[in-house]
Amino acid sequence: MIGSRGEAIFFAKMTNYCGRSMPYFYPQFLGDKHPSVDYLVSVLDGKHISAYCFAQIKTTKSGYVVRKNGKKYLNVTAKKEDLDALSVFPGPTYLFGIDEQTERVYFIAITGSQPGFSAMPTDNELTCASLHELWDEIRQYWVSHSVTFTSRFQL
């Protein structure tokens with residue numbers, strides 16, 4: 001139930017209109033059988049740009065942990081092997097952590113091999129402002145025909 005609720009929260013947040021005539025994104029669920037990603041997320045911009053990203057969703061009802069550095073982290077874990085599997089997808093790929101109780105969504109870009117973690121940073125919360133930045137980052141990746149993906153939302 002927690003996972004399904006997290007997916008519904010993710011869908012609602014990603015399709016927020018944020019004062020526009022259309023949402024920034026349209027997430028398409030890939031099914032429970034896909035091993036690494038949960039969604040193929042299409043960019044909506046009213047043009048003929050075929051831009052998209054991949055999304056993995058992790059949901060928790062365990063809240064947060066505050067580390068010695070004073071920063072708050074969401075209680076979701078990611079193994080190095082799982083992050084490595086996400087890093088090979090052909091295009092922008094993101095991990096979204098969802099606090100099921102507060103319905104807050106955080107995200108990080110997966111841009112290559114990186115260590116796993118026991119709690120997810122909360123630096124990048126999904127808001128109207130960050131939706132716009134994410135939308136622009138993904139569009140720019142596909143417009144530039146870049147071979148490598150870099151992101152301002154990296155760990």
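The C-beta contact set for region 77-96 (first residue farther than 16 Å from PHE153 by Cα, second residue surrounded by fewer than 16 Cβ atoms within 10 Å (Cβ to Cβ) and of a type in the set (S, T, N, Q), distance under 6 angstrom, 6+ apart or interchain) comprises THR77/SER118; ASP84/SER113. Across region 132-155, the number of residues qualifying as more than 15 Å from PRO90 (Cβ to Cβ), assigned to a loop (DSSP other than H, G, I, E, B) and among the aliphatic types (A, V, I, L, M) comes to 1.
One residue stands out among those in region 99-131 that are under 13 Å from the mean Cα position of the chain (by Cα) and in a helix (DSSP H, G or I): the one that is surrounded by the most Cβ atoms within 10 Å (Cβ to Cβ), which is LEU131. As for region 31-43, it holds no residue that is farther than 24 Å from LEU86 by Cα and not charged (D, E, K, R). Look at GLY91 and say whether it is closer than 20 Å to ASP38 by Cβ, modelled with pLDDT under 95 and of a type in the set (Gly, Ala, Ser). In short, yes.
Picking from residues in region 42-76 that are touching a residue at least 60 places away in the same chain (Cβ under 8 Å) and of a type in the set (A, V, I, L, M, F, W, C), the one that is farthest from ASP123 (Cα to Cα) is ILE49. Take ASN16 and decide whether it is under 15 Å from LEU131 (Cα atoms) and in contact (Cβ under 8 Å) with a residue 24 or more places away in the chain. Considered against the rule, which asks whether it is under 15 Å from LEU131 (Cα atoms) and in contact (Cβ under 8 Å) with a residue 24 or more places away in the chain, ASN16 comes out as yes.
Residues in region 48-60 that are surrounded by 14 or more Cβ atoms within 10 Å (Cβ to Cβ) and either over 13 Å from the mean Cα position of the chain (by Cα) or hydroxyl-bearing (Ser, Thr, Tyr) (or both): ALA51, TYR52, THR59, THR60. Among the criteria (1) among the aliphatic types (A, V, I, L, M); (2) modelled with pLDDT of 95 or more; (3) out of contact with any strand residue (DSSP E or B) (no Cβ under 7 Å at 6 or more places or on another chain), the one VAL147 does not fulfil is (2).
The values are calculated or read from the model by the stated rules, or taken from the named source; none is laboratory data. Note that the structure is predicted; figures quoted are calculated from it, not measured. Positions of Cβ are generated from backbone atoms using ideal geometry, with glycine treated the same way; all protein chains shown enter the neighbour counts.
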